[in-house]
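The values are calculated or read from the model by the stated rules, or taken from the named source; none is laboratory data. Remember, predicted model here, so these are calculated numbers, not experimental data. Here the Cβ positions follow ideal geometry from the backbone for every residue, glycine too, while neighbour counts run over all protein chains shown.
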Amino acid sequence: MHYCFIINNEPGKAGNADIIRADIEKLPEKIDYEIYLTTAQKTAIDHVREYCQANPEKETCFVACGGDGTINEVATGMVGARNKHLAVLAYGSGNDFIKYYEGKDFRSVENLVNGTAHKIDILKVGQDHYSINVCNFGFDSVVASTANKLSRKGNKNPYRWGIVKAIFCGRFNPIKVSADGEELNPGKRMLLCTLGNNNHVGGEFFCSPRAKNDDGLIEVCYCKTTTLMGFLGMLKVYTLGNHLDDPKVSRHFIYRQSKSVDVHSDKQIELCLDGEMLAGNDFHIEILPNAISFIIPA
């Protein structure tokens, strides 16, 4: 197995290459590896795709060394490739994807090398965009878009400030959502909607508590618009992932398991794909079963 460690070459992160090399040197047996430092956003996608095209039969493990954005880029570049695996070393500021694997150590190279491959699903959005964790929009995308901008400025609590902004301008969204052809809440406005392959967003929100990343289904959690007091009242329940079970809160949600989802808005909106924003008016999202071979750490 060849290992390709992919690291964001950003201030404060490039030093992870030295940490990884040191950990590799401690392994009982040598491994065949290389380290690739990205030069800009999205370059990891191009690098992985080009490698897969040039080495179609070579068994390779691409190790995303970073947060959800890096994981998304590596997974996007891998889709459709043979003999390729995805692994994660969690050196990023946001690692919602790995929360799915509770109790696993994603900071150990040795555990990674001795891990087990397992096929998981991925969400395909439009023609060439993917989400391996959660795709969300409405209130959530206002939060995420704001948080991304604040994070780039060094704000320590970008997601919480994003929530504050969305409370005032992201609660009444005229967005149409259809799951497997069924329009949800027709003619009404929505608060938010999450399409879950995994469970968490924003570092603390257990948004898709019933999601399984290997069942070939999208977890659709559609939340109807509510009053400000109603929203604040259910925020803690939503954060803990009890919103589908608590009777006082679940009445605000429409829950479906589907293979595809269609989203339409007359006004341009943003979808949040694993923390990255995608703008548009119409989106078709489908599940690709068993599309990624993921290495679960030993």
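Observations
- Selected residue (only one of E73, E102, E25 is acidic (D, E) and closer than 23 Å to N148 by Cβ): E73
- Residue in the stretch 95-108 that is basic (K, R), outside the structural domain of L278 (by TED's automatic domain parsing), farther than 30 Å from D215 by Cβ and at pLDDT below 95 present: no
- The strands (runs of 3 or more DSSP E) found entirely in the stretch 1-109 that carry 1 or more residues being surrounded by fewer than 17 Cβ atoms within 10 Å (Cβ to Cβ) are 2-7, 32-37.
- Qualifying residue in the stretch 179-195 (condition: among the polar types (S, T, N, Q), under 26 Å from N290 (Cβ atoms) and modelled with pLDDT of 95 or more): yes
- Of the strands (runs of 3 or more DSSP E) lying entirely inside the stretch 155-262, the ones with 3 or more residues being among the aliphatic types (A, V, I, L, M) and closer than 28 Å to Q127 by Cα are found at 190-196.
- If you go through the stretch 271-282 and pick out every residue that is of a type in the set (A, V, I, L, M, F, W, C) and buried (at least 19 other Cβ atoms within 10 Å of the Cβ), you end up with 3.
- When I120, I98 are screened for being farther than 16 Å from G69 by Cβ and within 16 Å of the chain's Cα centre (by Cα), only I120 passes.
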